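The values are calculated or read from the model by the stated rules, or taken from the named source; none is laboratory data. It should be emphasised that the depicted structure is a prediction, and the values quoted were computed from it without experimental measurement. Note: ideal-geometry Cβ built from the backbone for every residue, glycine included; neighbour counts use all protein chains shown. Protein only, heavy atoms only, side chains kept; ligands, DNA and RNA dropped before computing areas. Shrake-Rupley method; radii C 1.70, N 1.55, O 1.52, S 1.80 Å.
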Amino acid sequence: SVVSQRSGEVFVSEDIDNLAILQVNNVNIEWVDYPAKLAPGELNNFSVEITNFGNGALPVEVSLTGIPSSWGVDYYVNQQVSSEIIQLGEISDYTSTITLLIAISIPNGVDHSQVFDIEISVKPAIPGDDIEPDDNSISISLVTDIVRNLTLSSGNIISSIGVGNSTSINLAISNFGNIDETDIQIYASISSDDYFMPITAYLSLGNTGI
């Protein structure tokens, strides 16, 4: 009812039943942390904070663009593996804000100094548009870093050798980095606890002696 301040009359409207409050969707995403450069051969971790400012619990869908489909992507919430669909509580609930860790696995050998424009976005996973879509995505441009990753592996190694005989030990040097290595120094030493006579040893690269 409404009371008029001038006349004192009371105006009463008809009863209106079954009024419903519509759900308002309003999701926000912000950066927490990200690497300075992308490192091939490693996990690259990105942290974002997602908040539901709406008036109802809301599942949201997270999407990531700007990287090759061959790169691995995993999502974690509270150190637990998550899917792209994440449940958020309504604004008065402590679960209305979550920190999402996005782990991107970049293969070995990706060229250095490549630029990738990465965008992470969220949207309601139920019908109903976000009332403020401008804060539904964040983006950053990162370059791949120079990675030096040389490994030395051995094949079958002979554990003993007779006096006066010769043997060989074959080793393989592999470059799993993303830059050509041209100045490699190779060191080798031979020692014995109970043999003190001179030992003659040679190094060779392929079929070429060094």
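Filtered by the rule that a residue be open to solvent by 100 Å² or more (accessible area, probe 1.4 Å) and at pLDDT below 75, segment 159-194 gives S159, V163, N165, S166. Candidates E119, E90: the one that is more than 26 Å from N149 (Cα to Cα), among the charged types (D, E, K, R), under 13 Å from the mean Cα position of the chain (by Cα) and surrounded by 13 or more Cβ atoms within 10 Å (Cβ to Cβ) is E119. Which residue is nearest to V143 (Cα to Cα), if the candidates are limited to segment 40-57 and must be open to solvent by less than 20 Å² (accessible area, probe 1.4 Å) and in contact with a Ser or Thr (Cβ under 9 Å, 6 or more places away or on another chain)? Only one residue fits best here, namely P40.
Within segment 196-210, residues that are over 16 Å from N165 (Cα atoms) and at pLDDT 75 or above have Cβ atoms under 7 Å from residues that are open to solvent by 100 Å² or more (accessible area, probe 1.4 Å) and aromatic (F, W, Y) in no pair, counting only partners at least 6 apart in sequence or on another chain.
Can you say whether V81 is more than 30 Å from A188 (Cα to Cα), modelled with pLDDT of 95 or more and surrounded by fewer than 12 Cβ atoms within 10 Å (Cβ to Cβ), as far as the supplied structure shows? The answer is yes for V81.
Residues that are open to solvent by 100 Å² or more (accessible area, probe 1.4 Å) and out of contact with any Leu (no Cβ under 7 Å at 6 or more places or on another chain) were ranked within segment 140-156; the one that is modelled with the lowest pLDDT is N156.
For S69, the criteria (1) of a type in the set (S, T, Y); (2) touching a residue at least 24 places away in the same chain (Cβ under 8 Å); (3) under 30 Å from F176 (Cα atoms) hold in every case but one, which is (2). Taking the criterion of being under 17 Å from S70 (Cα atoms), at pLDDT below 95 and in contact with a Pro (Cβ under 8 Å, 6 or more places away or on another chain), would at least one residue in segment 92-108 satisfy it? The answer is yes, given that some residue of segment 92-108 is under 17 Å from S70 (Cα atoms), at pLDDT below 95 and in contact with a Pro (Cβ under 8 Å, 6 or more places away or on another chain).
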